[in-house]
Amino acid sequence: MSETIIETVTFKLAPGADEAAFIKASDDVNAFLGTCDGFIARRLSKNADGVWLDHVEWRNLADAKAAAETLPAQQQLAPFMAAIDMSSAKMRHDALMARAG
């Protein structure tokens, strides 16, 4: 396999955050990621316990880290970021080892 990296962020929404507004604000994240070098794909999901999973595929780790460094300066992403309970957020980067589909 190549150097493809899967960035996984798990989190809960902040108390009082509106889920529908959060999902709509996710469109702004998609637009931002589309401008980032090395961005391949993104999926956002939620389990029955209210834990969200933001799954982003990158060409390599350097591109993933570069996007993460510029993300906080993106004012259009403030509503998305404000809806996240940052104390619950965990990020990891893993090498993609196999793919189907």
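The values are calculated or read from the model by the stated rules, or taken from the named source; none is laboratory data. Only a predicted model underlies this, so the values are computations on that prediction, with no experimental measurement involved. Neighbour counts are summed over all protein chains in view; Cβ atoms, including those assigned to glycine, are modelled from backbone coordinates with ideal geometry.
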Does the stretch 62-77 hold any residues that are surrounded by 11 or more Cβ atoms within 10 Å (Cβ to Cβ), assigned to a helix (DSSP H, G or I) and either more than 14 Å from the chain's Cα centre (by Cα) or among the polar types (S, T, N, Q) (or both), and which are they? 62, 70, 76
Residues that are within 22 Å of residue 98 (Cβ to Cβ), touching a Leu at 6+ places or on another chain (Cβ under 7 Å), exposed (fewer than 14 other Cβ atoms within 10 Å of the Cβ) and not hydrophobic (A, V, I, L, M, F, W, C): does the stretch 36-47 have at least one? yes
Consider the stretch 1-19. How many of its residues are closer than 13 Å to residue 80 by Cβ and of a type outside the set (Phe, Trp, Tyr)? 6
Any pair with Cβ under 9 angstrom, 6 or more apart, that starts in the stretch 44-62 at a residue that is under 23 Å from residue 83 (Cα atoms) and ends at one that is part of a strand (DSSP E or B) and acidic (Asp, Glu): 44/54; 45/54; 54/7; 55/7; 56/7; 57/7
Inside the stretch 55-93, can you point out the residues that are farther than 14 Å from residue 40 by Cβ and charged (D, E, K, R)? 65, 69, 85, 90, 92
When only residues in the stretch 1-34 that are over 14 Å from the mean Cα position of the chain (by Cα) and under 17 Å from residue 67 (Cβ atoms) count, which is surrounded by the fewest Cβ atoms within 10 Å (Cβ to Cβ)? 3
Under 7 Å between Cβ atoms, at least 6 apart or on separate chains: pull out the pairs that start in the stretch 1-29 with a residue that is within 13 Å of residue 52 (Cα to Cα) and of a type in the set (Lys, Arg) and end on any residue that is at pLDDT 95 or above and in a loop (DSSP other than H, G, I, E, B). 12/50; 12/51
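Given 91, 81, 86, which one is surrounded by fewer than 12 Cβ atoms within 10 Å (Cβ to Cβ) and of a type in the set (A, V, I, L, M, F, W, C)? Walk me through how you get there before you give the answer.
Working: 91 fails: surrounded by fewer than 12 Cβ atoms within 10 Å (Cβ to Cβ); 81 fails: surrounded by fewer than 12 Cβ atoms within 10 Å (Cβ to Cβ).
Being surrounded by fewer than 12 Cβ atoms within 10 Å (Cβ to Cβ) and of a type in the set (A, V, I, L, M, F, W, C) holds for just one of 91, 81, 86, which is 86.
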